[in-house]
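Undergrad: I'd like to ask you about the structure that follows.
The values are calculated or read from the model by the stated rules, or taken from the named source; none is laboratory data. Remember, it's a predicted structure, so these values are computed and weren't measured experimentally. In this analysis, Cβ positions are derived from the backbone assuming ideal geometry, glycine residues included, and neighbour counts consider all displayed protein chains. Ligands, DNA and RNA are excluded from the accessible area calculation, which covers all protein heavy atoms including side chains. Shrake-Rupley method; radii C 1.70, N 1.55, O 1.52, S 1.80 Å.
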Amino acid sequence: MSEPLSPASSAALAHERAFDAAPLVRFVGVQKTYDGVQLVVRQLDLDIQRGEFLTLLGPSGSGKTTMLMMLAGFESPTAGEIMLDGRSITRTPPHKRNFGMVFQNYALFPHLTVGDNVAYPLTVRSVAAPERARRMKEALEMVRMAGLESRYPGQLSGGQQQRVALARALVFEPQLVLMDEPLGALDKQLREHMQIELKELHRQLGVTFVYVTHDQGEALTMSDRVAIFDNGAIQQIAPVEDIYERPANRFVAGFIGDNTALQGVVQSREGERCAIALDGGRTITGLNVNGAAVGDRVEACIRPERIMLHRGPQAGRANTVPARVSDVIYYGDHLRATCTAGEGLPAATVKLPLAGGPPPRAGDEVDLEWPVDLTRIYS
């Protein structure tokens, strides 16, 4: 990969995940409704830091794409303000915002060559021809498409077209690059390869990326921070490790990754922890995330890789339940055992390493154990 575009080079040197205190973009009380009744985006307050890779993640209809379209200028907020470098851009048209945009369908002009597609943003900005040609070639080298400038989009693979779309979004050195499901049309292997390349390109350039996806793995792989959307609001915004290990509420815990969810009632509280009586009769302890009170009905969530499977009984140890293995599935890099933990309890999923000795078999009697501090209890 060649050297990045010149203004971005200096930004890349300072890009070590230490973002400026003053955000590049700020959403202040932003709302959006199409019918005047239902809010698609409700009271959005969000800061986007300079140089970060922020991913907007959520189910269909959660408001993430509408938020991106308002930032791009293709939709107007019903209420609130969008600020860029401290100045309102709420009523600034898209072509004056100087943002790069990459779509799922690439939106390349089929009648223009690759070179002309990439140079198009420079053409409409009246950049002189020699400078335009130089920057076009630099952008194509950056995405490893050098030498293909005379081809047409129809002569390229999906992955190549995606690279051209990315080069076009970067060629005019934007402050911000917005991406709406840009890898959604690619097959799994190519998509995962492009995720790594996008992350590396972002690291080199230091440009702010805002990325929309519904793919959890994609969000966790590439992002500095992830904003989880549901029902028109951000449920949690945090670095990827916090999103996965410390979900803020039931929705985030259920939406990100796999969970075993146990229902019960709070019996006692002590500091940050509480003990709950499970529907099956056993008592477990965990972190009282939302401040549930004694008597509240709650849900305890445990990640499958945090559950330990013991071949023998573990009497007297906290957060231990007897179970029977009902199924074991080979995933290539790990095994997943589904265990039935008794009446009133749901099936528990346990993620097991391949190097963990002989695998359990269906019908085995086991004990399941998980750490108290990794058991998150939600009201």
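Undergrad: Assign unit charges at the C-beta atoms only (+1 for Lys and Arg, -1 for Asp and Glu), then state the dipole size of region 134-210 relative to its Cα centre in Debye, rounded to the nearest 20.
TA: The dipole magnitude comes to about 180 debye.
Undergrad: How would you rank 205-212, 32-39, 372-379, highest first, on the average number of other Cβ atoms within 10 Å across their residues?
TA: 205-212, 372-379, 32-39
Undergrad: Helix 188-205: angle to the longest alpha-carbon principal axis of the chain, degrees 0 to 90, nearest 10?
TA: 60
Undergrad: Right, another one. Of the heavy-atom accessible surface of region 116-177 (probe 1.4 angstrom), what whole percent is carbon and sulfur?
TA: The nonpolar share, carbon plus sulfur, comes to 48 percent.
Undergrad: Related question: With all protein chains present and a 1.4 Å probe, how do H95, H334 order by accessible area, largest first?
TA: H95, H334
Undergrad: Once you have all Cα-Cα distances for region 175-222, histogram them in 5 Å bins from zero and send the whole-percent values.
TA: Spelled out bin by bin, region 175-222 gives 5, 20, 34, 27, 11, 3, 0 percent.
Undergrad: So, for the chain, what is the accessible surface per residue at a probe of 1.4 Å, expressed in square angstrom? Write out the running numbers ahead of the final one.
TA: Working: 17430 Å² over 379 residues.
With all protein chains present, the chain gives 46 Å² per residue.
Undergrad: Using a 1.4 Å probe over the heavy atoms of the protein chains, calculate the carbon and sulfur portion of the accessible area of region 220-301 as a whole percent.
TA: After summing per-atom areas, the C and S share lands at 44 percent.
Undergrad: At 1.4 Å probe size, with no ligands or nucleic acids counted, give the accessible surface of Y152 in Å², nearest ten.
TA: Approximately 100 Å² of Y152 is accessible to the 1.4 Å probe.
Undergrad: First check a/c for the chain, with a ≥ b ≥ c the square roots of the eigenvalues of its C-alpha gyration tensor; if it is under 1.5, answer rounded, and if not, answer prolate when a/b is larger than b/c or oblate otherwise. Mind showing how you got there, number by number?
TA: On the way: a/c = 2.76, a/b = 1.81, b/c = 1.52.
Here the chain falls in the prolate category.
Undergrad: For the chain, take the longest principal axis of its alpha carbons; what is the angle in degrees between that and the long axis of helix 114-124, to the nearest 10 within 0 to 90?
TA: Compared with the principal axis, the helix lies near 70 degrees.
Undergrad: Can you pull the percent of region 21-76's accessible area that's carbon plus sulfur, 1.4 Å probe, other chains left in place?
TA: Numbers: 1070 of 2190 Å².
The value for region 21-76 is 49 percent carbon and sulfur by accessible area.
Undergrad: If you don't mind, there's one more thing I want to ask. Let me test this: with uniform point scatterers at the alpha carbons of region 239-337, what is the Debye-based log₁₀ I(q)/I(0) at q = 0.14 1/Å?
TA: -0.63
Undergrad: Suppose only helical runs count, i.e. DSSP H with n ≥ 4. What mean residue ellipticity at 222 nm does that imply for the chain under -39500 (n - 2.57) per run, divided by all residues and rounded to the nearest 500 deg cm²/dmol?
TA: Rounded to the nearest 500, it is -7000 deg cm²/dmol.
Undergrad: If you don't mind, there's one more thing I want to ask. Helix 158-170 against the longest principal axis of the chain: what's the angle in degrees, Cα atoms only, rounded to the nearest 10?
TA: The angle comes out at about 60 degrees.
Undergrad: Okay, moving on. Based on the Cα gyration tensor of region 95-236, what are the three equivalent ellipsoid semi-axes, each the root of five times an eigenvalue, rounded to whole Å and given largest first?
TA: 26, 17, 13
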